[in-house]
Amino acid sequence: MITNKLTNLKPKCSCSGPSSTLLNTSMSINIQQTTAELGIVDHFTHLRLRLGISRYSKVDPGIYKVGNPDQDSLVFISANYVMSFNKLRNALKGMNAWIMVLDTKGINVWCAAGKGTFGTNELIKRITDVKLSEIVKHKIIIVPQLGAPGVSAHEVGKATNFKVIYGPVRAEDLKTFVNNGFKATKEMRQVNFNLTDRIVLIPVEIKMILKYAIAASLLFYFINHFGSNSNFINDVLIMLLLAIVSGTILSPILLPFVPFRAFSLKGFLISLIAILAYIAYAGLTSPYLVAGSILLFPALSAFISLNFTGASTYTSVSGVRKEMRRYIPFIIGFLTVGFILITISLVRGI
Amino acid sequence: MNNLYLKNIVTLKLDKEACVKCGMCINVCPHEVFELKNSKLEMINRDRCMECGACQINCPVGAISVKAGVGCAYAMIKGALTGTEPSCGCGDGDSGCC
Ligand code: SF4
Ligand code: SF4
């Protein structure tokens, strides 16, 4: 566990008697100490989350100390997803501050804000529960900007008197933001989707597709085995792998460099090039196999890329809906016809 | 980098008459959609809007309307198949969303 458990605000009186009951109720807020430095265990946890090995790693909701905060120290709000919390406390290195962790069911700030769990109600409830107005004298809370889709700053203000100030998108800009008197530059307010952002998403993309890829390989293998038992199966499996690599690895990496705005078209194009290159390289001449592969595999990559909209940081619901309406019929058509052609090729060895 | 998605499709609407130019929408928008130009609020990058809804919920006078949701195909397919409102798959531990 990342926290040194339960350091109470004031030492609890152990004597019994009427006064202690009184004292205990006013001191029943558990304040936990945390550190700004991330240890090896934290980095290991992050790696596991990135690789999609574990998805949930929760921090207990509540209030935490970084350093030695007092009644004038700043209050930062976080989600109880361990990576959100760790990035925040790491960004506060050298500061004395409070972190108030909301219960977002172990989900990161942005996703939780979209669902509303990182939201106005939870924020108001947590401010009341931890008795924030008794912990600090001021009336300012710093909420990550990516929490804004769930939080209505003026509603929180009305209900609690605490003024919500939206901090920068990235925790590493927090110090500059604070030092500049809560002013964020345009860059600090913008969500990017640069190469690193895209690359870290690849493992989860691969993990998602893995079981379907294995199922498809086995399906082709058996069709071939009980059919012509030809060498075409090798080509089919290699092209299947190419299609998956195109959809899960190449499309995320090449995303901004490929023409078209629709994700499925980007994936289709990348995969089509890869498949055509393989057909030429392997010298495939079977008309069924060639035609089937040109239809099936790029369409498969198109579908995988379409799913990458969810991981991207800039697609809108209306846009994705339009893209799906427009291209899913083609994808399904291509997949079906392509599959039939490849099956004929494998069954009859032509 | 300027990532752009489909043109002219988002549901974002701004009521300039109602706007009191508090700047909140500029603060919360992750894609620099709004800008104060000559003391007027303008949508300078409307096509970059991802319909996250942050501006709408944080506008104190309700001058912005947008149909917010998650731009995730996986969520929509799942929503269509299960007959529920599309929601990000984060909750079921099995998706690339977020
Ligand atoms: S948040 Fe609303 S009132 Fe404030 S500047 Fe934006 S549109 Fe105008
Ligand atoms: S919905 Fe989100 S992305 Fe669109 S304008 Fe509002 S804050 Fe910006």
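Counting only residues that are away from chain B (no Cβ under 14 Å) and surrounded by fewer than 17 Cβ atoms within 10 Å (Cβ to Cβ), segment A:117-158 holds 10 of them.
Only a single item in (1) assigned to a helix (DSSP H, G or I); (2) in contact with a Ser or Thr (Cβ under 6 Å, 6 or more places away or on another chain) is not met by A:THR117, and it is number (1).
Here's the yes/no breakdown for (1) aliphatic (A, V, I, L, M); (2) touching a helix residue (DSSP H, G or I) at 6+ places or on another chain (Cβ under 8 Å):
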site	(1), (2)
A:THR35	no, yes
A:THR45	no, yes
A:ARG50	no, yes
A:ILE63	yes, yes
A:VAL75	yes, yes
A:PHE85	no, no
A:TRP110	no, yes
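Just checking, does segment B:40-48 include any residue being near ligand 2 (Cβ under 6 Å from one of its atoms) and at the interface with chain A (Cβ under 9 Å from one of its Cβ atoms)? Checking segment B:40-48: not a single residue is near ligand 2 (Cβ under 6 Å from one of its atoms) and at the interface with chain A (Cβ under 9 Å from one of its Cβ atoms). Taken together, the residues in segment B:17-56 that are within 8 Å of ligand 1 (Cβ to nearest atom) and not β-branched (Val, Ile, Thr) amount to 11. When A:SER271, A:SER318, A:SER301, A:SER305 are checked against the criterion of being free of Cβ contacts under 8 Å to residues at least 40 places away in the same chain and closer than 30 Å to A:TRP110 by Cα, a single residue qualifies: A:SER318. Of the helices (runs of 4 or more DSSP H) contained entirely in segment A:240-350, those carrying at least 1 residues that are within 23 Å of A:PHE222 (Cβ to Cβ) and at the interface with another protein chain (Cβ under 9 Å from one of its Cβ atoms) fall at A:287-307. What are the residues in segment B:3-24 that are more than 7 Å from every other protein chain (Cβ to nearest Cβ) and either closer than 18 Å to A:ARG321 by Cβ or touching a strand residue (DSSP E or B) at 6+ places or on another chain (Cβ under 8 Å) (or both), if any? Correct list: B:LYS7, B:ASN8, B:LEU12, B:LYS13, B:LEU14, B:ASP15, B:LYS16, B:CYS19, B:LYS21, B:GLY23. Selection within segment A:250-265: residues that are buried (at least 17 other Cβ atoms within 10 Å of the Cβ) and out of contact with any Ser or Thr (no Cβ under 6 Å at 6 or more places or on another chain). The member of this set that is farthest from B:LEU4 (Cα to Cα) is A:LEU250. Of the helices (runs of 4 or more DSSP H) lying entirely inside chain B, those carrying at least 1 residues that are at pLDDT below 85 are B:73-82. Residues in segment B:27-39 that are in contact with a strand residue (DSSP E or B) (Cβ under 8 Å, 6 or more places away or on another chain) and more than 9 Å from ligand 2 (Cβ to nearest atom): B:ASN27, B:GLU35, B:LEU36.
Has segment A:196-215 got any residue that is polar (S, T, N, Q), surrounded by 19 or more Cβ atoms within 10 Å (Cβ to Cβ) and not in a strand (DSSP E or B)? So far as segment A:196-215 goes, no, none of its residues is polar (S, T, N, Q), surrounded by 19 or more Cβ atoms within 10 Å (Cβ to Cβ) and not in a strand (DSSP E or B).
The values are calculated or read from the model by the stated rules, or taken from the named source; none is laboratory data. Small disclaimer: the values here were computed from a predicted structure and weren't measured. Please note: Cβ atoms are built from the backbone with ideal geometry, for glycine as well, and neighbour counts cover all protein chains shown.
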